[in-house]
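See below for the structure under consideration.
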Amino acid sequence: MSSPANNESTVSQHAFAYQPQPINGEFLGKHIISVDQFERRDLDILFDAATSIRKRIRSHDRGLTELCAGKVMASLFFEASTRTDMSFQSAMRRLGGDVIAVSNGVRFSSMYKGENLSDTIRATGCYADVIVLRHPEIGSSYEAGYYLDLLNTRIDNPTVAISGGDGIGEHPTQALLDIFTIYDRKKSLDNLTITLVGDLKHGRTVHSLAKLIAYYDAKNVRLCLVAPESLAMPSEISDLVKGHGIAVIETEDLVDVIAQTDVIYWTRIQEERFADPDIYETIKDRFIMTPRVFAKARSNAILMHPLPRKHEMGTRVDHDILDDDPRAIYFEQMENGMFVRMALLVKVLRGVYV
């Protein structure tokens, strides 16, 4: 989305050259912008912290509210995303921090007057300890990291950025909560067959999740990619996964792999991506998860979805039937998102063991 006042991109060229620091076992003071910052050690640290936080919440541990007491999170959501926004705000409040929010889009911000994104980010950085940014343009989170690094050399209180979604680019915290959910349910990523279904060409969630599965370097993992040929996973992603020793199976028919699958990650075929609506009509009905389809899955398989869901999971009646199946865990997946984001906030702001 461009600023209405000048009709120009709000993202500078600096964004596309910026490289965020790798985590390397130390989260404190680092921006969370891309899954490429993570390796297995970092994921294990995050899994342990999220698990600990969940236990402390369930035991009503009041000490959680001390972990981010005195810290301020700015929620800058220039694109609609009710769930991610609420998840981050809830996470910060449960840790005892405060939240200042701009969640009404570009039209209700100074960017509507013509202010560029870099100035908006730096102005916000003067008020907050962490900025969670959701923006419709690719590169926006990298822009935030670049300009906050410049700002942090000149102000007393440094600020970190966490991406809440970077256009159609990346959504790292969604991928982190997804891989945590798989690990948590299966107790390991070893020996799993994980199947990603739907629009694998444009889906930022499946791109990031596939990368994290590769970076975790689990043993004997198979990744099944189920999509129409026109919406197949980009070759750079599938090649990266293969380079980590993961077997990749590509098919247009879920029936080919569902009986061998441990994890099914469902996404919708995105109608808005098709210039020819007739092509969409010929594809969409082949990628709908219904109770009849799910009945073909293993008794211990799990069904995940980043939500919101639409016709890709059938009718409202289908939704209700699927929701009653204990293998369908997308709402547990959402709750895990809060635990993972709590863990991230504690780690980047305090760096402490949770």
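Pick from the stretch 158-180 the residues that are assigned to a helix (DSSP H, G or I) and aliphatic (A, V, I, L, M): which of them is farthest from Ala128 (Cα to Cα)? Here the answer is Ile179.
All but one of (1) at pLDDT below 95; (2) among the aliphatic types (A, V, I, L, M); (3) within 30 Å of Lys187 (Cα to Cα) hold for Ala49; state the number of the condition that does not hold. Among (1) at pLDDT below 95; (2) among the aliphatic types (A, V, I, L, M); (3) within 30 Å of Lys187 (Cα to Cα), Ala49 violates only (1). Apart from one condition, Glu79 fits all of (1) at pLDDT below 95; (2) not in a loop (DSSP other than H, G, I, E, B); the exception is (2).
Count of the stretch 281-320 residues, restricted to those that are surrounded by fewer than 16 Cβ atoms within 10 Å (Cβ to Cβ), without any contact (Cβ under 8 Å) to a residue 40 or more places away in the chain and either farther than 30 Å from Met86 by Cβ or touching a Pro at 6+ places or on another chain (Cβ under 6 Å) (or both), is 8.
Residue-wise test of (1) modelled with pLDDT of 95 or more; (2) of a type in the set (A, V, I, L, M, F, W, C); (3) open to solvent by less than 30 Å² (accessible area, probe 1.4 Å); (4) closer than 30 Å to Gly245 by Cα.
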position: Met111; (1), (2), (3), (4): no, yes, yes, no
position: Ser118; (1), (2), (3), (4): no, no, yes, no
position: Gly125; (1), (2), (3), (4): yes, no, yes, no
position: His171; (1), (2), (3), (4): no, no, yes, yes
position: His202; (1), (2), (3), (4): no, no, no, yes
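Yes or no, residue by residue, for (1) over 25 Å from the mean Cα position of the chain (by Cα); (2) part of a loop (DSSP other than H, G, I, E, B); (3) at pLDDT 90 or above:
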| site | (1), (2), (3) |
| --- | --- |
| Glu272 | no, no, no |
| Ala275 | yes, yes, no |
| Tyr280 | yes, no, no |
| Ala297 | yes, yes, yes |
| Leu307 | no, yes, no |
| His319 | no, no, yes |
| Leu322 | no, no, yes |
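What are the residues in the stretch 240-267 that are in contact with a strand residue (DSSP E or B) (Cβ under 9 Å, 6 or more places away or on another chain), in a helix (DSSP H, G or I) and open to solvent by 70 Å² or more (accessible area, probe 1.4 Å), if any? Within the stretch 240-267, Lys242, Asp256, Gln260 meet the criteria.
Could you please find all residues in the stretch 268-293 being in contact with a Leu (Cβ under 9 Å, 6 or more places away or on another chain) and acidic (Asp, Glu)? Let's see the steps before the verdict.
Start the filter on the stretch 268-293 by keeping residues that are in contact with a Leu (Cβ under 9 Å, 6 or more places away or on another chain), which leaves 269-270, 273, 283, 286-287, 289-291, 293.
Across the stretch 268-293, there are no qualifying residues.
In the set (1) touching an Asp or Glu at 6+ places or on another chain (Cβ under 8 Å); (2) crowded, with 23+ Cβ neighbours inside 10 Å, the condition left unmet by Asn157 is number (2).
Note on the stretch 35-63: among residues that are among the small types (Gly, Ala, Ser) and within 20 Å of Thr181 (Cβ to Cβ), the one that is nearest to the chain's Cα centre (by Cα) is Ala50. Looking at the stretch 204-215 only, could you name the residues that are modelled with pLDDT of 95 or more and open to solvent by 10 Å² or more (accessible area, probe 1.4 Å)? Answer for the stretch 204-215, where residues must be modelled with pLDDT of 95 or more and open to solvent by 10 Å² or more (accessible area, probe 1.4 Å): Lys211, Tyr215. Within the stretch 221-229, can one find any residue that is buried (at least 22 other Cβ atoms within 10 Å of the Cβ), part of a helix (DSSP H, G or I) and touching a Leu at 6+ places or on another chain (Cβ under 6 Å)? No, the stretch 221-229 has no match at all.
Out of Tyr146, Tyr216, I need the residue that is touching a residue at least 60 places away in the same chain (Cβ under 8 Å) and touching a Lys or Arg at 6+ places or on another chain (Cβ under 9 Å). Which one? Selected residue: Tyr216, the only one of Tyr146, Tyr216 that is touching a residue at least 60 places away in the same chain (Cβ under 8 Å) and touching a Lys or Arg at 6+ places or on another chain (Cβ under 9 Å).
Residues checked against (1) open to solvent by 30 Å² or more (accessible area, probe 1.4 Å); (2) over 24 Å from Pro172 (Cα atoms); (3) of a type in the set (S, T, N, Q):
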{"position": "Phe38", "(1), (2), (3)": "no, no, no"}
{"position": "Asp48", "(1), (2), (3)": "yes, no, no"}
{"position": "His60", "(1), (2), (3)": "yes, yes, no"}
{"position": "Glu66", "(1), (2), (3)": "yes, yes, no"}
{"position": "Ala74", "(1), (2), (3)": "no, no, no"}
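When only residues in the stretch 268-280 that are open to solvent by 30 Å² or more (accessible area, probe 1.4 Å) and among the hydrophobic types (A, V, I, L, M, F, W, C) count, which is farthest from Val226 (Cα to Cα)? Of everything passing the filter in the stretch 268-280, Ala275 is farthest from Val226 (Cα to Cα).
The values are calculated or read from the model by the stated rules, or taken from the named source; none is laboratory data. This structure is a prediction, so every number in the text was calculated from the model and none was measured. When we count neighbours, we look across all protein chains shown, and the Cβ atoms used for this are built from the backbone with ideal geometry, even at glycine. For the accessible areas, the whole protein counts, side chains as well, though only heavy atoms, and no ligand, DNA or RNA atoms are used. Shrake-Rupley method; radii C 1.70, N 1.55, O 1.52, S 1.80 Å.
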